[in-house]
Amino acid sequence: MQRSPETAPTPHLRRKSWIIPAAAAGFALFVAAGARVAAIFAESMMSGVALIGSWLIFALGLAYAGTRLRPGLGAALFVGFAVGVLAVAFFGGMHMLT
């Protein structure tokens with residue numbers, strides 16, 4: 001008995017199912033790690049705020065560019081950015097970035 005094309009297993013869908021969460025997690029780590037590096041290079045608190053803010057704006061621009069280039073990953077990039085910003089705010093509030 002042959003399977004119809006609608007019920008045949010599609011291995012490419014299973015393979016791509018991890019790409020969206022991995023992109024979100026990877027971009028969140030990218031945002032948080034960049035903010036950490038910016039905080040290390042800061043000499044004072046005010047320059048640290050400016051460096052972290054400029055890093056977050058740069059990362060948001062990268063997420064937007066990624067959305068324009070790969071629309072399927074757009075939501076994952078913006079979710080990753082939001083999670084990264086929340087991590088920066090949480091750990092920055094506990095003074096763990098410096």
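The values are calculated or read from the model by the stated rules, or taken from the named source; none is laboratory data. Bear in mind that the values here come from a model prediction, so they are computed numbers and not experimental data. Counting neighbours? That spans all protein chains shown, and the Cβs are built from the backbone with ideal geometry, glycine included. These accessible areas exclude ligands, DNA and RNA; they are computed on the full protein's heavy atoms, side chains included. Shrake-Rupley method; radii C 1.70, N 1.55, O 1.52, S 1.80 Å.
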Of everything in the stretch 52-66, what is surrounded by fewer than 14 Cβ atoms within 10 Å (Cβ to Cβ) and either of a type in the set (A, V, I, L, M, F, W, C) or more than 13 Å from the chain's Cα centre (by Cα) (or both)? Give them in sequence order. 53, 54, 57, 58, 65
Name the residues in the stretch 58-98 that are closer than 19 Å to residue 36 by Cβ, in a helix (DSSP H, G or I) and of a type outside the set (Gly, Ala, Ser), would you? 58, 60, 62, 81, 83, 85, 86, 88, 90, 91
Do we have residue 41 as touching a Gly at 6+ places or on another chain (Cβ under 9 Å), more than 13 Å from residue 31 (Cβ to Cβ), free of Cβ contacts under 8 Å to residues at least 60 places away in the same chain and open to solvent by 80 Å² or more (accessible area, probe 1.4 Å) here? yes
For residue 26, only one of the following conditions fails: (1) at pLDDT below 90; (2) within 21 Å of residue 83 (Cβ to Cβ); (3) open to solvent by less than 80 Å² (accessible area, probe 1.4 Å). What is its number? (1)
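Scan the stretch 67-98 for residues that are of a type in the set (A, V, I, L, M) and open to solvent by 60 Å² or more (accessible area, probe 1.4 Å) and jot them down.
69, 75, 79, 83, 86, 89, 94, 96
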Of the conditions (1) modelled with pLDDT of 90 or more; (2) open to solvent by less than 50 Å² (accessible area, probe 1.4 Å); (3) of a type in the set (Ser, Thr, Tyr), residue 47 clears all except one; give me its number. (1)
Restricting the first residue to the stretch 87-98 and requiring it to be modelled with pLDDT under 75, which pairs with a second residue that is not hydrophobic (A, V, I, L, M, F, W, C) meet a Cβ separation below 6 Å and a spacing of at least six or different chains? 97/36
